[in-house]
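Notes follow the structure.
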Amino acid sequence: MQGWVKLHRKILHSEIFENEKMLKVFIYCLTKSSHKDTESRVGRQKVEIEPGQFIFGRKKAASELNMTESTVRDYIKTLEEDGVITVKTTNKYSIVTVDNWALYQSNGEEYDNKTTADKHQKDSSPTSERQQKDTYKNERELKEVKNVKEFITTTTSEAMNSESVQFYQNNIGVLLPHISNEIAGWSEELGDELTIEAMKRSLERNKISWGYVKSILQSWLNKGIKTIEQAEAEEVEHRDRIYHKRQFSKVPSSQEVIPEWFKNRNEQKQNENKKPTIEDTALAIELGIKLKRSRENILEAIHNRYDLSERDLQAIREGKSSAKEILLNKTNLKVVGDP
């Protein structure tokens with residue numbers, strides 16, 4: 001394949017450039033794309049290819065890129081999600097389209113084929129022709145600046161520095177451009193506080209993914225929840241509904257319904273006999289500290305089994321002692337002091 005493409009220097013500041021494999025796949029897409037309307041054959045079928053498109057095969061791409069097929073698939077999907085490329089798949093082949101192909105394509109190929117005489121003629125062209133070329137150049141540069149689907153992230157520095165974005169990066173995972181844009185949108189819709197609260201709940205429930213966080217936010221939006229207090233009240237109602245549903249499903253239709261007071265007494269005895277281990281309690285304390293919960297909330301989470309003071313929690317925050325060490329120490333003190 002002949003010809004060449006151009007890259008804007010802004011690629012140095014993009015997330016594509018920071019990931020060498022993603023950069024390699026992106027440049028592969030650029031160089032494989034056709035620079036003009038053409039036809040390509042897939043088996044017995046002729047396929048029309050437009051500028052900026054190419055027929056994509058995962059096996060062939062993996063061989064040419066020296067990567068595994070799964071790696072190529074994942075990076076192609078990431079580029080598609082970020083609005084860099086578009087993939088149209090049929091039952092026989094896929095066509096990849098590089099969005100904003102004109103930004104990466106140059107007319108310099110025609111210039112390379114000019115003869116010396118052509119260059120001389122160009123040098124002697126009238127001033128009006130140079131002005132037209134300057135105007136064309138300025139229009140292209142203006143289009144490049146205004147284009148909203150550049151391959152680099154369009155997230156503003158203000159959004160990237162928001163509390164919700166920082167919390168996601170510090171606690172959940174790598175921040176891809178499309179996720180940062182969605183976080184910024186939800187923060188604008190519901191506020192940073194509620195957005196972060198949804199992330200905390202995903203951590204507490206061990207469902208650590210942006211998809212799960214987004215499902216919580218969408219639920220709050222549908223229910224008109226706009227404050228932390230409303231979210232907490234909704235959570236209590238949700239847990240009550242689940243609890244009653246489970247209890248109802250456990251009652252056999254052929255048996256007499258057990259009185260509520262008797263059932264609660266049995267559950268209380270079972271909870272007393274099934275005390276969590278020190279390791280489980282320590283993990284709950286450390287998670288509460290990581291999520292910046294208050295002392296009262298942490299004690300409530302561990303059912304007030306240990307008399308933790310603010311000094312104890314501060315020692316854990318500062319790394320002077322682990323939660324397990326403090327719990328073991330309190331357990332030993334309790335045993336020694338027993339009559």
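Each value in this text was obtained by applying a stated rule to the coordinates, not by laboratory testing. Note that the structure is a prediction, hence the values are computed from the model and not measured. Note that each Cβ is placed from the backbone with ideal geometry, even for glycine, and that neighbours are counted across all protein chains shown.
About its Cα centre, the dipole of the stretch 1-76 is roughly 200 debye, where the only charges are +1 on Lys and Arg Cβ and -1 on Asp and Glu Cβ. Distance distribution P(r), the stretch 275-337, all Cα-Cα pairs, bin width 10 angstrom from 0: 22, 62, 15, 1 percent. Reducing the stretch 24-95 and the stretch 318-333 to their Cα centroids gives an inter-centroid distance of 57 Å.
Residue exposure proxy: SER294, SER164, ordered by other Cβ atoms within 10 angstrom of their Cβ from fewest to most, comes out as SER294, SER164.
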